[in-house]
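Read the structure below first, then the notes.
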Amino acid sequence: MTDSLRILLTDDESGLRTAMGRVLGGSGLVVDVATTGIDAWRMVEAAESAGNRFDLLITDVNMPGMRGDELVSKLRAEGRELEILVISGFGDKSLLVDLMRMGVNDYMDKPFSAGEFQDKVAQICERIRTKRLAAMRTRNLEGRLASLSSDLVRYRRGFDEMKSQMELAVRSYQSLVNLPQEVRGLDFEFRVRALHDLGGDFLGINPLKNGAEILLADVAGHDMGASYVTILVKSFFENNKDVMADGERFFQVLNSGLIEQGADRMVSALHVLIDYGSARMVVTTAAHPSPILRKLGFPSSSIVECWGDPLGISPAVAFSKWEAPIIPGDRLFLFTDGLPSLGKYDPAEGRRRELSESGIDRLVASHRQRPLREAVDRIWNDSLEYANFNSNDDLLLLGVEIAEECHVQG
Amino acid sequence: MYKVDMEDAGLFVRMSSKLGFVDRAMNEIEAFVEGQEGRIPSEEMNLAVRELLLNAIEHGNGGDESKVVELEMANVAPSRYRLDVKDEGPGLPAGALPPRRELAATQERSRGLLLVNSCSDLFESAGPGMVRAWFTIAKETRFETVVEAAEAAIRPTGSITAAVAEKFRQALLAWYSSDVPSARLDCSRVDNIDSICLSVLVALANMEGVRSGARAFRLTNLSPGLDRLFRLTRLHTTFKI
């Protein structure tokens with residue numbers, strides 16, 4: 001505890017000096033010795049200039065040349081902050097009062113036992129250690145406050161800029177769901193309702209040479225941060241058109257991009273690749289609600305079963321892949337979690353019942369015979385009606401149908 | 001005319017159709033809910049109740065001060081309230097409730113009803129000249145930390161959502177910057193956690209010390225709903241639950 005403390009012992013009597021030095025050394029303390037007051041003063045000064053200052057000075061009062069009280073007075077006048085323990089043999093109360101006024105921290109009257117001396121020094125060392133710790137904490141706190149106030153200045157400076165960025169973000173977000181007019185071989189119909197000016201839902205379709213890829217993403221929150229991350233997702237997805245990575249690879253890359261940005265925003269996403277060449281579709285999910293598949297001619301629909309880690313949180317992520325053959329007339333319904341989370345209050349039970357994925361599955365099945373546009377319309381309206389037209393999240397629903405002409409491409 | 005009758009679990013107000021009485025009735029409701037819950041109703045609930053009273057006076061009774069509006073508020077279960085407002089008018093036409101938000105831009109009159117719909121749990125007709133709205137007084141979200149045997153127990157109440165994200169972050173950081181080596185987030189009184197606050201949790205998990213495991217952080221007492229949430233988002237692999 002006290003091993004790093006440095007002590008300077010000053011006494012002109014060699015017997016006493018040796019005895020005290022032995023006690024201190026036995027306690028594991030580093031002790032330097034001076035035989036006169038003037039030597040002690042020089043050693044204190046030299047140690048300070050060397051950046052290796054003494055923590056405690058133990059000095060006798062009655063010494064030839066510079067006396068102990070003169071030494072104390074000189075050190076304090078110079079602003080030296082080390083602790084001082086004075087050994088006095090006079091029992092002179094007025095001298096003691098003077099010493100205390102000069103800034104002596106403690107004293108001992110001669111004679112004393114080795115044990116008493118050891119206890120006294122241990123007590124002072126403990127005090128020094130506590131003081132050091134407090135000083136260190138204060139320095140840390142000051143450092144943190146200084147960095148906080150410099151942050152504040154930066155924030156203030158950035159505020160005006162932020163306001164204009166905010167307006168830009170609102171405009172950018174509103175243009176996020178901007179699908180191509182037509183995708184060869186694919187019919188699609190979507191409904192979207194944003195809760196606020198800024199939001200986190202994204203929908204994109206990239207027409208590919210031999211098919212299309214679809215991305216649905218939901219960024220946590222409805223603020224500028226969410227909008228920023230959504231724009232990042234959009235730009236990654238637009239680039240993917242050229243890279244042509246599959247869903248899994250795209251999510252790995254997007255995840256690294258999000259982590260690198262340090263946005264700390266959870267993103268759930270769903271990627272669907274429709275490949276006319278192999279007449280298959282591949283669904284990859286990142287903690288996103290599963291889509292619902294309606295096979296042409298089947299009496300019921302089914303929830304696609306796949307799983308995957310959310311994006312933007314951990315550098316190591318994994319995704320399962322779901323694949324199925326496609327034929328013209330097959331439909332896939334995709335939605336962000338606002339839709340299954342739509343709920344209504346049941347006064348009898350006193351709790352809210354959510355529509356859930358299975359509720360949407362039932363709606364898809366019951367409207368399976370209608371043309372795509374009408375089916376999407378009905379599913380959308382029935383979902384809203386279920387919740388008495390109340391929602392507290394962004395809502396997004398997309399229905400896609402494999403068109404007849406996709407055969408021509410294959 | 002203004003008459004009020006307050007019972008253990010019910011408040012009854014009968015008043016003339018004077019706009020000035022609306023404020024008085026609102027004070028009565030606030031006192032009633034405060035007596036039952038120990039906290040006043042939310043702004044949203046106040047807004048909905050006020051709209052219902054104004055609608056009864058202006059549209060139900062056509063502003064005729066001699067006509068009467070009756071209000072009955074019942075505390076049907078802990079934190080749950082049923083409000084009936086009756087006027088002397090014919091009531092809303094069939095199909096008017098619930099109001100469809102899509103029609104808001106074209107229908108001038110339904111604006112107040114839209115507010116009631118979005119500020120209540122459920123809003124419905126309850127016979128001629130009478131409407132009924134249901135409300136739940138949400139639990140207040142508080143963050144309380146107790147240190148037990150070298151572990152900080154952080155115990156939030158209510159819903160941990162974007163509105164309290166900063167308070168949540170501060171509660172976690174208070175532990176992180178303390179000397180207490182480990183912490184648990186006790187979710188026994190948590191109703192739900194939204195994705196913003198999940199991100200706050202994840203940010204903590206990524207902080208130096210927590211990631212390395214030098215500072216242990218775990219979640220306890222998750223409700224089945226919360227457990228599902230952590231599994232769906234696959235955060236059960238990030239956190240010790």
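The values are calculated or read from the model by the stated rules, or taken from the named source; none is laboratory data. All of these numbers come straight from a predicted model, not from anything done at the bench. So basically every Cβ, Gly included, is an ideal-geometry build from the backbone, and we count neighbours across all protein chains shown.
Listed values, structure above:
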| item | result |
| --- | --- |
| Only one of B:Asn75, B:Asn46 that is in a strand (DSSP E or B) and more than 14 Å from B:Gly129 (Cβ to Cβ) | B:Asn75 |
| Looking only at region A:298-332, and only at residues there that are among the charged types (D, E, K, R) and assigned to a loop (DSSP other than H, G, I, E, B), the one that is nearest to the chain's Cα centre (by Cα) | A:Asp309 |
| Filtered residue count, region B:29-41, keeping only those that are part of a helix (DSSP H, G or I) and either surrounded by 20 or more Cβ atoms within 10 Å (Cβ to Cβ) or among the basic types (Lys, Arg) (or both) | 3 |
| Among the candidates A:Arg76, A:Arg42, residue that is closer than 23 Å to A:Lys131 by Cα and under 54 Å from the mean Cα position of the chain (by Cα) | A:Arg76 |
| Boolean, B:Leu19 is of a type outside the set (Asp, Glu) and under 16 Å from B:Asn117 (Cβ atoms) | no |
| Subset of region A:299-313 [within 14 Å of chain B (Cβ to nearest Cβ) and surrounded by 14 or more Cβ atoms within 10 Å (Cβ to Cβ)] | A:Ile303, A:Cys306, A:Trp307, A:Gly308, A:Asp309, A:Pro310, A:Leu311, A:Gly312, A:Ile313 |
| Scan of region A:12-43 for residues that are in contact with a Ser or Thr (Cβ under 8 Å, 6 or more places away or on another chain), touching a residue at least 24 places away in the same chain (Cβ under 8 Å) and under 20 Å from A:Leu71 (Cβ atoms), ordered by number | A:Asp12, A:Val33, A:Ala34, A:Thr35, A:Thr36, A:Gly37, A:Asp39, A:Ala40 |
| Qualifying residues in region B:77-117 (those that are at the interface with another protein chain (Cβ under 8 Å from one of its Cβ atoms), at pLDDT 85 or above and surrounded by 14 or more Cβ atoms within 10 Å (Cβ to Cβ)) - the one nearest to the chain's Cα centre (by Cα) | B:Arg80 |
| Residue in region A:336-343 that is in contact (Cβ under 8 Å) with a residue 60 or more places away in the chain and in contact with a Lys or Arg (Cβ under 9 Å, 6 or more places away or on another chain) present | yes |
| Matching residues, region B:229-240, being within 14 Å of another protein chain (Cβ to nearest Cβ) and among the basic types (Lys, Arg) | B:Arg231, B:Arg234 |
| Residue, farthest from A:Ala220 (Cα to Cα), within region B:194-210, restricted to residues that are of a type outside the set (A, V, I, L, M) and surrounded by fewer than 18 Cβ atoms within 10 Å (Cβ to Cβ) | B:Gly209 |
| Any hit, region A:384-407, residues being under 30 Å from B:Asp84 (Cβ atoms), within 38 Å of the chain's Cα centre (by Cα) and away from chain B (no Cβ under 11 Å) | no |
| Residue within region A:256-266 that is modelled with pLDDT of 85 or more, within 30 Å of A:Ile326 (Cβ to Cβ) and in contact with a strand residue (DSSP E or B) (Cβ under 6 Å, 6 or more places away or on another chain) present | no |
| Contacts under 7 angstrom Cβ, first residue in region B:19-41 being in contact (Cβ under 8 Å) with a residue 40 or more places away in the chain, partner surrounded by 15 or more Cβ atoms within 10 Å (Cβ to Cβ) and among the small types (Gly, Ala, Ser), 6 or more apart | B:Glu37/B:Ser79 |
| Residue within region A:356-363 that is touching a helix residue (DSSP H, G or I) at 6+ places or on another chain (Cβ under 9 Å) and free of Cβ contacts under 8 Å to residues at least 40 places away in the same chain present | yes |
| Matching residues, region A:248-266, being touching a helix residue (DSSP H, G or I) at 6+ places or on another chain (Cβ under 6 Å), surrounded by 24 or more Cβ atoms within 10 Å (Cβ to Cβ) and within 14 Å of chain B (Cβ to nearest Cβ) | A:Arg265, A:Met266 |
| Matching helices (runs of 4 or more DSSP H) fully within region A:1-92 where at least 3 residues are at pLDDT 90 or above | A:37-49, A:68-77 |
| Any hit, region A:24-32, residues being among the β-branched types (Val, Ile, Thr) and touching a Lys or Arg at 6+ places or on another chain (Cβ under 6 Å) | yes |
| Whichever residue in region A:320-333 is farther than 25 Å from A:Val267 by Cα and not small (Gly, Ala, Ser) and, among such residues, is nearest to the other protein chains (Cβ to nearest Cβ) | A:Arg331 |
| Strands (runs of 3 or more DSSP E) within region B:92-207 that include 1 or more residues closer than 30 Å to B:Leu235 by Cα and in contact with a Cys (Cβ under 9 Å, 6 or more places away or on another chain) | B:151-156, B:158-160, B:190-193 |
| Top-ranked residue of region A:334-383 - restricted to ones that are more than 14 Å from chain B (Cβ to nearest Cβ) and in a strand (DSSP E or B), ranked as farthest from A:Gly297 (Cα to Cα) | A:Phe335 |
| Looking only at region A:209-223, and only at residues there that are charged (D, E, K, R) and in contact (Cβ under 8 Å) with a residue 12 or more places away in the chain, the one that is farthest from A:Thr284 (Cα to Cα) | A:Asp223 |
| Qualifying position, being among the charged types (D, E, K, R) and more than 23 Å from A:Ser290 (Cα to Cα), among A:Asp242, A:Asp246 | A:Asp242 |
| Those residues of region B:118-138 which are of a type in the set (Asp, Glu) and either surrounded by fewer than 19 Cβ atoms within 10 Å (Cβ to Cβ) or touching a residue at least 60 places away in the same chain (Cβ under 8 Å) (or both), in sequence order | B:Glu124 |
| Any hit, region B:221-228, residues being within 13 Å of chain A (Cβ to nearest Cβ) and modelled with pLDDT under 85 | yes |
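Residue-wise test of (1) crowded, with 23+ Cβ neighbours inside 10 Å; (2) within 14 Å of chain A (Cβ to nearest Cβ); (3) without any contact (Cβ under 8 Å) to a residue 60 or more places away in the chain.
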position: B:Glu166; (1), (2), (3): no, yes, yes
position: B:Arg169; (1), (2), (3): no, yes, yes
position: B:Ser182; (1), (2), (3): no, no, yes
position: B:Leu185; (1), (2), (3): yes, no, yes
position: B:Asn192; (1), (2), (3): no, yes, yes
position: B:Ser212; (1), (2), (3): no, no, yes
